[in-house]
Ligand SMILES: C[S@@+](CC[C@H](N)C(=O)[O-])C[C@H]1O[C@@H](n2cnc3c(N)ncnc32)[C@H](O)[C@@H]1O
């Protein structure tokens with residue numbers, strides 16, 4: 001290594017340490033209650049904060065110095081107040097997923113403590129924590145995903161009166177969001193983790209959704225009990241990464257078999273330093289984590305299930321790509337869709353988009369390049385395909 005390379009490498013390592021420390025100090029602040037105790041408007045002194053919470057004053061002052069330099073709090077003559085950035089880390093803020101990170105951080109710290117055990121076969125962190133990790137982790141990370149996916153499903157054809165199945169549903173937070181966004185939908189969720197299913201049932205009852213959402217304990221790698229076309233829509237979010245690799249193809253084939261209209265699932269692609277790092281960390285944290293996809297593996301899986309009408313949507317969460325496969329057995333030529341403008345039908349047909357399913361499976365960019373009213377045409381295709 002040249003001196004220049006050594007300098008560059010050391011500086012990278014230092015940056016990594018600093019980022020880790022900022023994350024941990026932030027989580028510490030959440031855990032200690034600082035973000036909830038420091039007011040937004042009326043300043044509080046370090047002495048008052050230490051007295052009210054019973055914490056060592058020198059440590060409180062040291063944390064406050066970090067928080068001021070990172071822009072979480074302001075310092076004035078009268079004491080300390082939260083900045084807007086700091087206020088986003090309070091309980092009950094509109095950024096619950098950020099608070100979810102706080103929990104992930106504590107798991108990551110545990111993973112570091114126990115990594116030697118976690119690398120040994122059969123002695124993963126899951127067993128060390130008696131299953132608590134999977135149990136607490138899931139419900140908190142899903143809320144952002146729930147919102148974007150519920151909207152997305154609606155835009156893809158889900159509507160009142162349809163049935164929907166969530167495979168590996170966790171606590172059912174995505175189903176609850178769908179039920180709020182699309183009230184007439186009848187929803188079922190399956191997960192093998194009994195704790196999270198129980199938690200989900202409680203939340204359903206609290207929101208009066210117990211009749212609309214049926215949560216069941218079950219293994220999604222065995223779907224023999226479901227007949228063909230058992231549900232209108234079937235989806236699985238962040239689940240592939242927990243399924244044995246040899247069972248992933250069959251899993252999609254079963255989803256296609258039991259869905260009448262279409263399936264949705266995401267594939268997290270590990271192709272940059274962030275996703276690759278998380279891939280390693282999750283494998284340390286969860287004994288049942290089998291891994292994210294490389295781009296090639298992800299593409300090959302779609303090819304293997306020979307999905308004719310599929311589309312990849314942009315990111316819905318992190319480095320995830322959303323795959324939609326339309327499974328409806330019938331299709332309609334564009335010129336037979338009610339009110340479909342003839343000029344658009346001609347343009348799309350000459351570009352190889354000939355049917356309603358073909359239109360829905362085309363990328364938004366390709367559609368936008370061909371027609372000016374892509375959103376309206378999508379709506380017409382959806383209306384024609386899904387009653
Ligand atoms: C990362 S969580 C995702 C939860 C939820 N879909 C979401 O997006 O928030 C993965 C879930 O898959 C469940 N899971 C993994 N393998 C499963 C299997 N073979 N059968 C049923 N559930 C499974 C786990 O219990 C866990 O709840």
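Let a ≥ b ≥ c be the square roots of the eigenvalues of the Cα gyration tensor of the stretch 334-385; is it rounded (a/c under 1.5), or, if not, prolate (a/b larger than b/c) or oblate?
Rounded shape, in that the Cα axes give a/c under 1.5.
Taking R0 as 51 Å, what's the FRET efficiency between residue 205 and residue 8 from their Cβ-Cβ distance, rounded to 0.05?
Values: r = 56 Å, r/R0 = 1.11.
The computed FRET efficiency comes out at 0.35.
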Two decimals is fine: what is log10 I(q)/I(0) at q = 0.20, 0.23, 0.25 Å⁻¹ for the stretch 236-305, from a Debye sum with one equal scatterer on every Cα and no solvent? -0.85, -1.06, -1.19
Set the Förster radius R0 to 35 Å, insert the Cβ-Cβ distance between residue 306 and residue 181 as r into 1/(1 + (r/R0)^6), and round the FRET efficiency to 0.05. 0.65
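The stretch 138-326: Rg/Rh from Cα coordinates, Kirkwood Rh?
Numbers: Rg = 15.6 Å, Rh = 16.7 Å.
Here the Rg-to-Rh quotient is 0.94.
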If a/c stays under 1.5 just call it rounded; otherwise compare a/b with b/c (prolate if a/b is bigger, oblate if not). Do that for the chain, with a ≥ b ≥ c from the square roots of the Cα gyration tensor eigenvalues. prolate
Under a GNM of the chain (C-alpha, springs under 10 Å), which listed residue has the highest mean-square fluctuation: 358, 208, 155? 208
Highest-MSF residue in the chain out of 60, 234, 324 [GNM, Cα springs under 10 Å]: 60
Sort 198-204, 108-114 for me by packing, meaning the mean count of neighbouring Cβ atoms within 10 Å per residue, highest on top. 198-204, 108-114
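Expressed as a rounded percentage, what relative contact order does the stretch 248-387 have, with Cα pairs under 8 Å and six or more residues apart? Show your work: numbers first, answer last.
Values: 168 pairs, mean separation 33.8, N = 140.
Rounded, it is 24 percent for the stretch 248-387.
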Provide the FRET efficiency to the nearest 0.05 for the residue 247-residue 45 pair, computing r from the beta carbons and using R0 = 51 Å. 0.30
What is the packing order of peptides 76-86, 161-171, taking the mean over residues of other C-beta atoms within 10 Å and listing the highest first? 161-171, 76-86
Over what distance in Å are the Cα centres of the stretch 17-33 and the stretch 161-237 separated? 35 Å
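If contacts are Cα pairs under 8 angstrom and at least 6 residues apart, what is the relative contact order of the chain in percent?
Working: 558 pairs, mean separation 41.2, N = 387.
Value for the chain: 11 percent.
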Could you tell me the center-to-center distance, by alpha carbons, between the stretch 47-83 and the stretch 358-372 in angstrom? 53 Å
Need one number: % antiparallel among DSSP beta bridges in the chain, to the nearest 5. 45 percent
Show me the ranking of peptides 181-192, 299-310 by mean Cβ neighbours inside 10 Å, starting with the highest. 181-192, 299-310
Please give the helix 132-141 orientation as an angle from the longest Cα principal axis of the chain, in degrees from 0 to 90, rounded to the nearest 10. 70 degrees
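Quick note: the coordinates plus some simple rules give every number you see, no bench work behind them. If you're wondering where the values come from, they're calculated on a predicted model, not measured in any experiment. When we count neighbours, we look across all protein chains shown, and the Cβ atoms used for this are built from the backbone with ideal geometry, even at glycine.
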